[in-house]
Amino acid sequence: MSLRRVLVFFFLFFAFVKSSFAEDLTNNIEMALSSGDYFAAYRLALAFEDQNKDLFLKTGVDGYFKSLFLIGSQKEIQKQCDKLSKLTVKASYLCALYLAEQKKTEMAAKYLKKIDSKTKFHYPAQILRASIAIIESNFEQAVEILNPDEIEKYAQLQLDQLFYLTRSRALLGLNRFEEATKYSQSINSKSPYYVEALEQTAWIFFKSRKFESAQILLEVMISTYESPLKIESDLKVSTTQYFKARYLKAYLALLEQKPEGAANEFSQLKGDYDKFLYSLSKEKFQDEVEVLKTEPIVSSEVSTYTPKLNAHLDYVKEWLGAEVGSHYLNEIKLQAAINNEITRLEKFDGELEKKYSQSLKTLKVKSFARFKKQYFKAQEKLAQAMGTLSLKCELGRLDVFWLNRAQGARNLEEVIDNYKASTKSIGAYVDL
């Protein structure tokens, strides 16, 4: 029996909404999602579709896909994406976004083609198209997609800041530094992308050899992080961004032919960073697996997770990539969904409920085993990724004298390429 049929059948037993009005179901779906009750959200969405198909297509599709993407099989997801994308453009966009996050860019493109330029989803879709093009190193296409003459349209949907950041990245990929700087500096200080834009602008200045300008921005990030007085309006510079800014600052000294200053910068950075890594090792993130086993997650709200798990999620996202962090978080949310469904079933004694409950418990064991495996795998990758900065600092500190052999190097990549050419084993130790 398919997941859809099972859940439709059990809706009669588990639906907790008293109202018969389809409009009320939207809020209840969102409440179920926010509480980690994805199975209930899915059943409510199916009931919504049955009661009022037109209204469901307008306001219920979002919640439906949020739940389906988490608890549904790939086959079922594909089936529903094909079905609903023929009925509403919102489904086309949501499915394209999901598939892009899964790195299935060709399939995502299929749904993006269905989005008409006259709909409000055209502009979010354009940013998604450009982002996919950037991932595929097709920077020219990304620049063509994001037309600056349409910036007012993006602004009406509050997408102008993301437009600036994405177009800047595409221009940077083409080494069109002045234009890239223009767009990254268009992001205002209240934007959630502001710190990211500062990082990107500093990197643009670095690559275009505007070292003084780069250093100013790096100092802003570093001093903000180190300031003992924190106020709400301060930049939200993460620990990862802080150490990366210090690393880039140390390399600036190298490229400016200041070996003594560079040596001091690398030495201090390595000492501070090694202390940071040591403090993380004391946290013993791996112990969280056993905690999760004895104290099951029942919420999808990250704020309710333990401090260690939250910290781990942040580091995974910052060092391994947002898409990895998103996938990892979904694995945790699936645990919450299964736990909530099993708890609900404990209220019923029927044979069908017992069979369903047993199936869920089997799923819980298997999914937790997968989650545990992924958790430790992420730990290993995270340790490796974070450890590279320490090694880079060591290389910079011990071999400052080597910079004199790299006269004329335009940017960090060229310096690294020269170094790799003279050190055969470097590639085996760190992915510079």
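Readers should treat all values here as calculations from the given coordinates under stated rules, not as data from a laboratory. All values reported here derive from a predicted model rather than from experimental measurement. For neighbour counting, all protein chains shown are included, and Cβ atoms are generated from backbone atoms with ideal geometry for every residue, glycine included.
Here are a few things to note about the model shown:
- A full extension of the chain between residue 196 and residue 304 corresponds to an added length of 36.3 nm, given 0.36 nm per residue minus the alpha carbon distance.
- A full extension of the chain between residue 227 and residue 374 corresponds to an added length of 49.3 nm, given 0.36 nm per residue minus the alpha carbon distance.
- Counting charges near residue 32 (Lys, Arg +1; Asp, Glu -1) among other residues having Cβ under 14 Å from its Cβ returns a value of -2.
- Summed side-chain charge close to residue 344 - residues other than residue 344 whose Cβ falls under 11 Å, Lys, Arg +1, Asp, Glu -1: -2
- Charge sum, other residues only, whose C-beta stays under 11 Å from residue 160's C-beta, Lys/Arg counted +1 and Asp/Glu -1: 0
- Cα gyration tensor shape of segment 116-187, rounded if a/c is under 1.5, else prolate or oblate by comparing a/b with b/c: oblate
- Percentage relative contact order, segment 116-187, counting C-alpha pairs under 8 Å, at least six apart: 27 percent
- Peptides 167-178, 198-209, 316-327, 361-372 ranked from most to least packed by the mean count of surrounding Cβ atoms within 10 Å: 198-209, 167-178, 316-327, 361-372.
- Computed from backbone phi with θ = phi - 60° and the Karplus coefficients 6.51, -1.76 and 1.60, the 3J(HN,Hα) list for segment 381-394 is 5, 5, 4, 5, 5, 5, x, 5, 5, 5, 5, 4, 4, 5 Hz; x is used for glycine and proline.
- Additional length obtainable on full extension of the chain from residue 153 to residue 117, 0.36 nm per residue less Cα span: 11.8 nm
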